Every structure is written in structure tokens, then in C-alpha cells.
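Step one of this worksheet: look at the structure below.
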Amino acid sequence: MTFQTIRKELIIILLTALPIIYLLVNWSVLPDRLPVHFDGNGEPNGYGSKLVFIFLPLGLYLLLIVVPFIDPRKSNYELFSSTYFKIRIILSAFLGLLNTVVIYNELHGISKIGSFVPISVFILFTLLGIYMGNISPNYFVGIKVPWTLNNDEVWIRTHKLAGKLWFWGGILGIVSLFFVKNAALVMLPIIIVITVVPIVYSYIIYQKIANQL
């Protein structure tokens with residue numbers, strides 16, 4: 001492992017560790033159960049143990065470390081190693097920021113998280129959309145349906161489309177939240193479109209390619 005690789009990995013380690021350290025420093029003054037789920041208006045409607053805020057980020061970090069070694073198509077990770085690293089940063093930053101905000105709110109008696117969660121989710125969609133078109137075929141990252149996994153051309157074309165949908169879906173979602181108070185009315189249709197459309201598209205082009213053989 002080169003010095004540059006170690007330095008890059010330290011970025012993700014810090015993104016994972018800092019919210020955990022923040023939790024541990026304030027462990028004794030935090031309640032035993034913290035909000036882990038919120039409704040469209042930012043009201044907490046699900047609670048979990050404080051341990052969730054330790055094991056979830058650590059689990060995500062370890063999972064994303066292990067995935068390239070156990071994937072049957074692990075050689076392809078070399079083809080999108082830079083993209084995979086950026087995806088790891090995005091996911092770690094998203095989870096770390098979300099956990100930090102929840103802990104901060106609990107420490108300061110703020111029960112409502114407002115539009116932070118839906119805005120964060122839409123930013124996540126936008127950032128992932130930027131890099132989705134660069135993901136090479138694999139079994140863990142991306143749109144993994146039979147038609148994309150069985151044909152590399154289908155995989156590539158599907159992820160090019162999905163990248164655009166996720167990016168613009170995220171942008172549309174962020175803008176819409178300034179006009180629609182109920183975030184669920186914005187999130188649900190956008191999530192349906194950016195997930196269902198690429199799957200349907202992958203099936204259609206897979207059938208077209210199969211018919212040409």
C-alpha cells in the first residue's frame with residue numbers, strides 16, 4: 001500500500017471516526033435511545049440504541065473494504081477504483097453528517113430535524129449520479145438486476161442513464177423542497193423514477209440485444 005493510498009484512506013477513516021468520537025465524548029449525557037428514523041416533516045418516528053451510531057458506520061466502512069475482495073468480478077474494481085473511492089467518501093460523509101446532526105440535536109434539545117434529511121438524501125442522489133456512469137460491472141455496487149449482470153453493454157448503458165436520472169432527480173428534489181412542505185410528496189415519486197426507470201430500460205435493451213443475436 002502506497003503512502004498516497006494510506007493518505008486517501010485516512011480521509012474515510014476520519015469521516016467514519018469523528019462522529020463516533022463525538023458520540024463517545026457525550027455518551028453519558030445522551031439518552032439510551034436516539035432517533036434513527038424521521039418522517040417527511042423531520043419529526044422522529046423511530047428510535048434505536050446509541051450503539052447503532054457506532055456499529056452502522058463501522059459496518060459500512062468494513063463492508064466497503066471487503067467488497068472488492070469477495071466480488072466474483074473483483075478484477076473490474078481496478079477499472080473504476082477512483083470512482084469507488086469517491087463513492088466510499090460520499091457514503092461515509094453522508095452517514096457521518098447525519099449521525100452528527102442527530103447527536104447535536106439531542107444534546108441541544110432539538111427534537112425536529114426539519115428538511116435536513118430529505119435535502120441530504122437528494123444531495124446524496126446528485127453526487128452518486130455524477131459517478132454512477134463510471135461503475136464497471138460487478139455484483140455489489142450499482143443497478144444489479146439479471147439483465148445488467150448478464151450483459152456488459154446493458155450494464156454500461158443502464159448506468160449511463162441512471163447517472164443522469166439520479167443527478168437531475170437529486171437537483172429537482174432539492175429545488176422542489178423550497179416549494180413543497182411535505183418532503184414525502186417529493187421524495188417518493190423521485191425515488192420511484194430513479195430506481196424503476198433504469199431497471200425497465202435495462203430489460204428493454206437486453207431484449208433488443210438478445211433479438212439481434
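No value in this document is a laboratory result; all are computed from the given coordinates. It should be emphasised that the depicted structure is a prediction, and the values quoted were computed from it without experimental measurement. All Cβ positions, even for glycine, are placed from backbone atoms using ideal geometry, and neighbour counts span all protein chains on display.
Given axes a ≥ b ≥ c from the Cα gyration tensor, I'd like to know whether the stretch 109-213 is rounded (a/c under 1.5), prolate (a/b larger than b/c) or oblate.
prolate
Mind checking which of L30, L128, L165 has the largest fluctuation in a GNM of the chain, springs on alpha carbons under 10 Å?
Comparing L30, L128, L165 in a Gaussian network model of the chain, the most mobile one is L30.
For the stretch 163-213, state which chymotrypsin sites (Phe, Trp or Tyr not before Pro) are in a DSSP loop and have at most 13 other beta carbons lying within 10 Å of their beta carbon. Show your work: numbers first, answer last.
Values: sites: W166, F167, W168, F178, F179, Y201, Y203, Y206; in loops: F178, F179.
Here the sparse-neighbourhood loop sites are F178, F179.
Given springs between every Cα pair under 10 Å in a Gaussian network model of the chain, which of A93, A162, A184 has the largest fluctuation?
Maximum fluctuation in the GNM of the chain, among the listed residues, is at A184.
Send over the semi-axes of the chain's equivalent ellipsoid, whole angstrom and largest first, taken as the square roots of 5 times the C-alpha gyration tensor eigenvalues.
After diagonalising the Cα gyration tensor, the semi-axes are 33, 24, 13 Å.
With +1 on each Lys and Arg Cβ and -1 on each Asp and Glu Cβ, and nothing else charged, work out how big the dipole of the stretch 1-114 is about its Cα centre, in Debye to the nearest 20.
300
About its Cα centre, how strong a charge dipole does the stretch 133-213 have in debye, to the nearest 20, once Lys and Arg get +1 and Asp and Glu get -1 at the Cβ?
So the magnitude is around 140 debye.
Among rounded, prolate and oblate, which fits the stretch 20-66 when a ≥ b ≥ c are the square roots of the eigenvalues of its C-alpha gyration tensor, a/c under 1.5 means rounded, and a/b larger than b/c means prolate?
oblate
Mean residue ellipticity at 222 nm from the helices of the chain, using -39,500 (n - 2.57) per DSSP H segment of n ≥ 4 over the full residue count, to the nearest 500 deg cm²/dmol?
When only DSSP H runs of four or more count, the value is -23500 deg cm²/dmol.
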